[in-house]
Amino acid sequence: MFDLGANFFYPIAMDKQAKVSKVLELYEKLTYGIENDEHSEEKLLRKELKSLSLLEGINLSLTACHVIACIGDMNGEKVNGTYIAKELNITKGGVSKAVAKLVSKNMVEAIRSDSNRKEVYYELTDLGRNVYRAHAQMHEKAKDQQRAVLASYSEGELEIISRFLKDIIP
C-alpha cells in the first residue's frame with residue numbers, strides 16, 4: 001500500500017500560503033496606494049485646472065476639492081456645513097476651515113438663511129462650478145482606466161474579485 005504520509009499535502013499548503021502572502025502583499029500596496037493617492041489626486045487636479053487656465057497659482061487641498069464636489073453634487077439644492085461634514089466624514093470645524101478658504105478664493109458663496117440667520121448654506125460660484133467639472137472629469141478618466149482593466153477579466157474572475165472586495169471592505 002502506498003503511504004502518502006503527513007508531508008504529502010505540505011507542498012500544496014505552502015503553495016497556497018505563498019499565494020495568500022502574495023495577495024496580502026498586493027492588498028497592502030493597494031491600501032498604501034489609496035492612502036497616498038490623495039496627494040496624487042491633488043497634483044492631477046492642479047494639472048487639469050492649469051491646463052484649463054483655471055486657478056493659476058492658487059493652492060487647492062483635496063479636502064477643498066471634495067467640499068466643492070459635495071456642494072456640486074447637490075445640483076443647486078441647499079447645502080450646509082453639517083451635511084458636508086456627514087457626507088465627507090470630516091469634522092464641522094474642518095468643513096468651516098475649508099469653506100472659509102473656498103469663499104476667500106471665490107469658489108464658494110456662503111448664504112445666510114432668511115428664516116434663521118445662524119443657518120448658512122453654500123453654493124458654488126462660476127469658478128467653483130468649473131473646478132467641480134474638472135474634478136468630475138478627472139474622476140471619470142480614472143474610472144475609465146479601471147473599467148478597461150476590469151473588462152480584461154472573465155465573468156468568473158470578476159465574481160471572485162467582487163466577492164473578495166465585499167469580504168474585506170467593512
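The values are calculated or read from the model by the stated rules, or taken from the named source; none is laboratory data. As the structure is a computational prediction, the values presented were derived from the model and not from experiment. Reconstructed Cβ throughout: ideal geometry from the backbone, glycine too, with neighbour counts over all protein chains shown. Areas reflect the complete protein model, heavy atoms only, side chains present, ligands, DNA and RNA absent. Shrake-Rupley method; radii C 1.70, N 1.55, O 1.52, S 1.80 Å.
Looking at the structure I just gave you, is Val67 surrounded by fewer than 17 Cβ atoms within 10 Å (Cβ to Cβ) and modelled with pLDDT of 70 or more? Here the answer is no, as Val67 does not meet what is asked. Confirm whether Val99 is surrounded by fewer than 16 Cβ atoms within 10 Å (Cβ to Cβ) and part of a helix (DSSP H, G or I). So Val99 does not fit the description; no. Across the stretch 104-158, the number of residues qualifying as farther than 24 Å from Ile84 by Cα and among the polar types (S, T, N, Q) comes to 4. Would you say Arg117 is open to solvent by 90 Å² or more (accessible area, probe 1.4 Å) and either touching a Gly at 6+ places or on another chain (Cβ under 9 Å) or modelled with pLDDT under 90 (or both)? So Arg117 fits the description; yes.
Only residues that are of a type in the set (Val, Ile, Thr) and in contact with a Leu (Cβ under 9 Å, 6 or more places away or on another chain) were counted across the stretch 144-170, and they come to 1. Scanning the stretch 131-170 for residues that are more than 19 Å from the chain's Cα centre (by Cα) and in a helix (DSSP H, G or I) returns Ala151, Glu155, Gly156, Glu157, Leu158, Glu159, Ile160, Ile161, Arg163, Phe164, Asp167.
Only one of the listed residues (Val23, Val108) is of a type in the set (Val, Ile, Thr), over 20 Å from the mean Cα position of the chain (by Cα), surrounded by 10 or more Cβ atoms within 10 Å (Cβ to Cβ) and at pLDDT 85 or above. That residue is Val108. Every test in (1) more than 30 Å from Ile161 (Cβ to Cβ); (2) open to solvent by 70 Å² or more (accessible area, probe 1.4 Å); (3) in a helix (DSSP H, G or I) is passed by Gly128 save one, and that test is (2). Of all residue pairs spaced 6 or more apart or on separate chains, none has beta-carbon atoms under 7 Å together with a first member in the stretch 140-160 that is open to solvent by 100 Å² or more (accessible area, probe 1.4 Å) and a second member that is in a helix (DSSP H, G or I). Assessment of the stretch 111-131 against the conditions (touching a residue at least 24 places away in the same chain (Cβ under 8 Å) and under 30 Å from Leu30 (Cβ atoms)) yields at least one matching residue.
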